[in-house]
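Worksheet: the structure to be examined is printed underneath.
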Amino acid sequence: MSRNRILIVDDEPGLRFGIRDFLELQGYEIDEAESCREAQETFRTSRPDIVIADYMLPDGTALDLLPRLKEINPDIPLLILTAHGSIDLAVRAIKEGAEQFLTKPLELPALMVILKRLLENQRNRHKQLASRSRQVRRAINPFIGVSSSIRALAEQAKRVLATESPVLILGETGTGKGVLARWLHDNSPRGEEAFVDLNCAGLSRELLETELFGHEKGAFTSATASKQGLFEVAHRGTIFLDEIGDVDLQIQPKLLKVLEDNRFRRVGDVRDRQVDVRLIAATHQDIGQLVRDKTFRDDLYFRVSTIPLAFPSLRERIEDIPIMANYLLDKLATDLGRGEIQLEPDSIKALQAYSWPGNVRELRNVIERAVLLSEQKNIRFQDLHFDGHSKRRASYLDSNLTLDELEKQHIERVLLEEQGRVEKAASRLGIPRSSLYQKIKKYQLSSSRV
């Protein structure tokens with residue numbers, strides 16, 4: 001995270017140097033401007049935390065500058081300096097939105113006290129907003145379950161919390177990649193700052209570019225006003241790009257520039273803007289294959305995949321399905337005021353027998369549908385609807401089977417249907433070929449049976 005940044009606006013080089021020298025020794029980063037026009041440009045690109053401006057400037061006053069800065073970012077405080085202060089002018093400045101009105105010669109220790117107070121107020125405001133946001137969010141814990149795969153993912157995720165490097169979350173649709181991205185942000189040093197997400201799937205090049213980087217007024221026919229891009233909105237926080245594999249090839253170099261230089265340009269602008277964000281990306285696609293197919297740049301791939309995290313599919317962790325189902329059931333029962341609702345044993349067996357192509361998202365839909373359509377206190381097998389697959393599933397479901405026996409039966413059936421072709425069976429089961437070989441050995445499935 002960057003240090004606190006101060007913009008000093010004064011046409012006297014000696015005064016700017018004195019303030020700059022003092023504040024840099026205190027650990028601040030300093031930008032300078034000599035006029036209202038230059039201050040407005042620097043304010044746009046450097047994103048300061050506080051502005052200190054002389055009242056009289058070559059092309060106007062600090063009160064002329066104030067509304068222009070507030071239009072760009074209304075939350076940044078402005079301190080006004082003047083050698084000819086008056087009570088009327090001070091009152092007017094405060095009414096129009098200035099944070100403080102200080103007279104020259106400036107006492108630097110007193111300035112430090114003011115700056116620390118303003119920065120602390122900003123931090124507290126951000127914390128309160130973030131706290132309220134977390135209270136209203138009802139995201140699912142990404143690590144619900146006891147399987148070795150979900151426990152391993154939890155340990156990997158905890159190890160990368162303190163890093164600033166990009167994270168690439170891999171996994172099938174519906175596994176919970178977005179929930180994991182949110183968890184990574186909330187528990188990171190950036191957790192009190194903005195979390196901005198965008199699903200890149202299906203977006204045209206033009207729309208994606210303006211969403212990410214923003215545009216200037218007049219940049220294209222319908223650009224009747226300037227617009228901030230999501231990178232600006234996410235400044236000092238996290239941006240989550242879901243389905244990054246769908247990003248247009250022409251946008252990819254601009255995305256790489258932000259990640260490497262922390263700079264970008266709005267559409268229709270000629271100026272670079274500075275930004276401090278952490279990227280979390282996700283995709284359900286084989287992004288390595290996209291690189292080989294030349295539809296995804298290899299340099300961007302290496303940058304976004306600094307820390308890869310693979311989210312297991314639901315069928316890879318059958319033992320977690322009852323835990324996840326009961327968690328969702330409890331939430332729904334509470335929301336609907338239905339009291340305690342339980343899954344009957346045959347329902348649990350049915351849930352574990354299903355292949356879950358839609359993963360946790362589909363499980364949530366199945367559980368919600370069962371709760372809404374049933375008036376019973378218990379969810380029975382006949383209350384579950386799996387988009388037309390329940391009859392096929394019921395033909396081999398035996399409620400007396402153990403979990404291992406159920407898994408063995410399911411693997412054996414898929415292998416038989418695929419005529420013993422392990423690679424195709426592994427693909428249908430959603431597990432690596434090596435894992436399938438281990439299960440064949442574990443359950444002693446002989447070659448004659450597969």
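What follows draws every value from the coordinates through simple rules; no lab data is involved. Because the structure is a prediction, the values reported are computed rather than measured. Don't worry about glycine lacking a Cβ; one is built from the backbone with ideal geometry, like all the others, and counts go over all protein chains shown.
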(Q) Given R₀ = 60 Å, what would the calculated FRET efficiency be for E260 paired with E319, taking r from the Cβ atoms and rounding to 0.05? (A) 0.90
Q. To the nearest 0.05, how large is the calculated FRET efficiency for T295 and T103 if R₀ is 45 Å and r is the Cβ-Cβ distance?
A. 0.15
Q) Assigning unit charges at the beta carbon (Lys, Arg +1; Asp, Glu -1) and nothing else, what dipole magnitude in debye, to the nearest 20, does the chain show about its Cα centre? A) 1520 debye
Q: State the answer as a single residue: which of P432, H410, Y443 lies farthest towards the positive end of the charge dipole of the range 401-450, with beta carbon charges of +1 for Lys and Arg and -1 for Asp and Glu, about the Cα centre.
A: P432
Q) By how many nm would the segment from Q250 to S427 lengthen if fully extended, with 0.36 nm per residue of separation less the alpha-carbon distance? A) 60.5 nm
**Q.** Rounded if a/c under 1.5, otherwise prolate or oblate - the chain, Cα gyration tensor axes
**A.** prolate
Q. When the chain is fully extended, how far beyond the present Cα-Cα distance does S86 get from S222, taking 0.36 nm per residue of separation?
A. 44.3 nm
Q) What relative contact order, as a whole-number percentage, does the range 148-312 give when Cα pairs under 8 Å and 6 or more residues apart are counted? A) 35 percent
Q) With a ≥ b ≥ c the root eigenvalues of the C-alpha gyration tensor of the range 5-127, is it rounded (a/c under 1.5), prolate (a/b larger than b/c) or oblate? A) rounded
Q: Report the full-extension gain for the segment E29 to T173: residue separation times 0.36 nm, less the Cα-Cα distance, to one decimal in nm.
A: 47.5 nm
**Q.** Neighbour-count ranking [beta-carbon atoms within 10 angstrom, fewest first] of W356, W183
**A.** W183, W356
Q: Apply 1/(1 + (r/R0)^6) to the Cβ-Cβ distance of L336 and L15, taking R0 = 60 Å, and write down the FRET efficiency to the nearest 0.05.
A: 0.35
Q. With each label point set 7 Å from Cα along the Cα-Cβ vector, what nm distance links R68 and A310?
A. 5.5 nm
(Q) Could you order the peptides 216-226, 19-29 from most to least packed, using the average number of other C-beta atoms within 10 Å per residue? (A) 19-29, 216-226
Q | Table column - 3J(HN,Hα) (Hz), the range 310-321, Karplus curve with 6.51, -1.76, 1.60, x for Gly and Pro | A | 9, 8, x, 6, 5, 6, 7, 9, 4, 5, 8, 4
Q) What is the range 322-388 by shape, rounded, prolate or oblate, if you read a ≥ b ≥ c off the alpha carbon gyration tensor as root eigenvalues and call it rounded for a/c under 1.5, prolate for a/b larger than b/c, and oblate otherwise? A) prolate
Q: Using just the helices of the chain, give the 222 nm mean residue ellipticity in deg cm²/dmol: DSSP H runs with n ≥ 4 each add -39,500 (n - 2.57), and the total is spread over all residues, rounded to 500.
A: -14000 deg cm²/dmol
Q: Give, as ranges by residue number, the residues of the range 200-228 whose backbone N falls under 19 Å from the point 7 Å along Cα→Cβ of V270.
A: 215-220, 226
Q.
With 10 angstrom as the radius, rank V9, V160 by how many other C-beta atoms surround their C-beta, starting from the fewest.
A. V160, V9
Q.
Here is the link list: K70/K104; K294/K424; K177/K442; K95/K227; K227/K254. Which ones come out longer than 23 Å on Cα distance?
A. K70/K104; K294/K424; K177/K442; K95/K227
**Q.** Dipole of the range 5-127 [Lys/Arg +1, Asp/Glu -1 at C-beta], most positive-end residue of I94, S35, L81
**A.** I94
